[in-house]
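The values are calculated or read from the model by the stated rules, or taken from the named source; none is laboratory data. Computed from a predicted model, the values in this text were never measured in an experiment. Here Cβ is always computed from backbone atoms with ideal geometry, including for glycine, and neighbour counts include all displayed protein chains. Ligands, DNA and RNA are excluded from the accessible area calculation, which covers all protein heavy atoms including side chains. Shrake-Rupley method; radii C 1.70, N 1.55, O 1.52, S 1.80 Å.
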Amino acid sequence: MRKLLIGLMALFAIVPLFAEQADSSVIFKARFLKHELQSYEITQSTYTLRNKDTTALQQFRVKADVYISDSSAEGYNIRWHLYDFSINTDSRKLQQLVSLAKPVDVTCRASTVGELQEFFDWEDLSTCLDEGFKTILPEFATRRDSSSKQELSRLFDFRSSLEGVVLRTIRMFHQVYGLGYTLGEIVDVPSDLILPAVPEPVPGVIHKRLVKIDQEDGVAFLTSVAYPDAKALQQILKKVYPDVSVPPYLLNQSIIGSVVADLKTGWLLYTFEQREYGPENHLSGELLELKHDKLQFN
């Protein structure tokens, strides 16, 4: 997996050579139409790397139909219909739980250019696994062994993380709208960063760079690297580790991302965010991806 990501980033590093041929800029704007629907797949991969070899990998997937329920001079109402939940994991019970997940609708409001303004109607996210728990939990009623406790912990940890994965994906979808970029130039975007193993958001900055515009196909490529504020991160971690020194690897976290957008329609074709932390010889990471299924024109 790491080799794939390194290759992808290497490709984006080469692209500016072509960008020098044209002095162009882009302002990302949503051009959604009322009743328009586009289909995506969300994939969350969590993994560990020991000496650059993958030693653990879990992949959660869910399909998403993104429907524009209203398009007006005031902005867009957008419904994310989530269904067909699945997970590739070594936990049989977690696999069973995810397979029993109920479809979910999450609705949000965006500005006329596509900037995310607010969420509403996302409560289904906290209850979509309830029926699955009703089926699975009775099996643990008489078990007290350590393996069953560990299994239960994984089930509840997944439920608590599901809402964050979906809401982060929607924010990731809207991250470029309303912003302008010039080829090869870095734009610094102040942001509160969500870091692995850190209990609260950390102020920081995201360096974003437009690396290619395909004028013929009307597609733009953007890459990003996030940098947390070192002092703020250290202060937060000192509250978590008050009596011991903060592990150095928590102060040196990596967050990279990319966006591929269709400029004709305003829809994203692909975006990802990869977060890694840990000692160089034993990294833990997460790759969150949103892949477009097939662009449908009205």
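What to note about this one:
- Zero-based 5 Å bins, Cα pair distances in the chain, whole percents: 1, 5, 10, 14, 16, 17, 15, 11, 7, 3, 2, 1, 0, 0
- Residue-count net charge about LYS264 - beta-carbon cut-off 9 Å; Lys, Arg +1, Asp, Glu -1: -1
- Dividing the mean sequence gap of close Cα pairs (under 8 Å, 6+ apart) by how many residues the chain holds gives a relative contact order of 20 percent.
- Cβ-based net charge around VAL219, under 10 Å, with every Lys or Arg adding one and every Asp or Glu removing one: -2
- For the peptides 219-226, 189-196, residues were scored by their other Cβ atoms within 10 Å and the scores averaged per peptide; the highest-first order is 219-226, 189-196.
- With all protein chains kept in place, the per residue accessible area of region 251-298 amounts to 42 square angstrom at a probe of 1.4 angstrom.
- Cleavage-rule hits, trypsin sites (Lys or Arg not before Pro), region 103-150, DSSP coil, Cβ neighbours within 10 Å at most 16: ARG143, ARG144
- For region 121-132, Karplus couplings with θ = phi - 60° (6.51, -1.76, 1.60), whole Hz, Gly/Pro x: 6, 10, 4, 4, 4, 7, 10, 5, 9, 4, 5, x
- Taking each residue as 0.36 nm, the span from GLU280 to LYS294 lengthens on full extension beyond its C-alpha to C-alpha distance by 1.2 nm.
- Region 134-170 and region 33-89: distance between their alpha carbon centers, rounded to Å: 21 Å
- Calculated diffusion of region 182-261, Stokes-Einstein form, Kirkwood radius summed over Cα pairs, 37 °C and 0.692 mPa s, µm²/s: 230 µm²/s
- Relative contact order, whole percent, for region 120-272 stands at 15, derived from Cα pairs under 8 Å and 6 or more residues apart.
- For region 223-297: relative contact order, % (alpha-carbon pairs under 8 angstrom, 6 or more apart): 24 percent
- Here the accessible area is traced with a 1.4 Å probe on the protein chains. For region 119-201, carbon and sulfur cover 52 percent of it.
- Averaged per residue, region 20-118 has 50 square angstrom of accessible surface, using a 1.4 angstrom probe with ligands and nucleic acids left out.
- Highest-first packing order for the peptide set 114-122, 284-292 is 284-292, 114-122, based on the mean count of other beta carbon atoms within 10 Å.
- Mean residue ellipticity at 222 nm, helices only, the chain: -7500 deg cm²/dmol; runs of at least 4 DSSP H residues each add -39,500 (n - 2.57), and the sum is divided by the number of residues.
- J(HN,Hα) series, region 150-160, from Karplus relation 6.51 cos²θ - 1.76 cosθ + 1.60, nearest Hz, glycine and proline x: 5, 5, 4, 4, 5, 5, 6, 5, 5, 4, 5
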